[in-house]
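Shown next, in structure tokens, is the structure this report addresses.
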Amino acid sequence: MSKVYRDNDDLELWQLAKVSDDSLACAELHRRYSPRLYALALRKTGNSEVSEDLVQDLFVHLWLQRTGIT
């Protein structure tokens, strides 16, 4: 992961992903948020595999729908 992306705030990263199709910016958002989202999903489901799948599905959905999300 490029050190440059670690210095960007979340909104800047989202704009890079959305407008420039920057997958590395999206990957940085994944790096920042997936552990917390996984922990939340695990508390709710009690299943680690389901929790991993939920987090991954969320980020895939965000990536695929990025141009329509404001």
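The values are calculated or read from the model by the stated rules, or taken from the named source; none is laboratory data. Note that the structure is a prediction, hence the values are computed from the model and not measured. A quick note on method: Cβ atoms are made from the backbone with ideal geometry, for glycine too, and the neighbour counts reach across all protein chains shown. Just the protein is used for accessible areas: all its heavy atoms, side chains included, with ligands, DNA and RNA removed. Shrake-Rupley method; radii C 1.70, N 1.55, O 1.52, S 1.80 Å.
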I'd like the FRET efficiency for Thr70 and Thr45, computed as 1/(1 + (r/R0)^6) with the beta carbon distance as r and R0 of 30 Å, rounded to 0.05.
0.55
Can you give the charge dipole size of the chain about its Cα centre, rounded to the nearest 20 debye, using +1 on the beta carbon of Lys and Arg and -1 on the beta carbon of Asp and Glu?
200
Quick calc, Leu62 & Arg6: beta-carbon distance into FRET formula, R0 25 Å, rounding 0.05, result 0.80
For the chain, give the percent of accessible area contributed by carbon and sulfur heavy atoms, probe 1.4 Å, rounded to a whole number.
55
Axial C-alpha extent at least 20 Å, average Kyte-Doolittle at least -1.0 - helices from the chain (DSSP):
23-45, 48-64
Radius of gyration and Dmax for the chain's Cα atoms, expressed in Å?
12.8, 37
Given charges at Cβ of Lys, Arg, Asp, Glu: the chain dipole, positive-most of Ala41, Gln15, Leu62:
Ala41
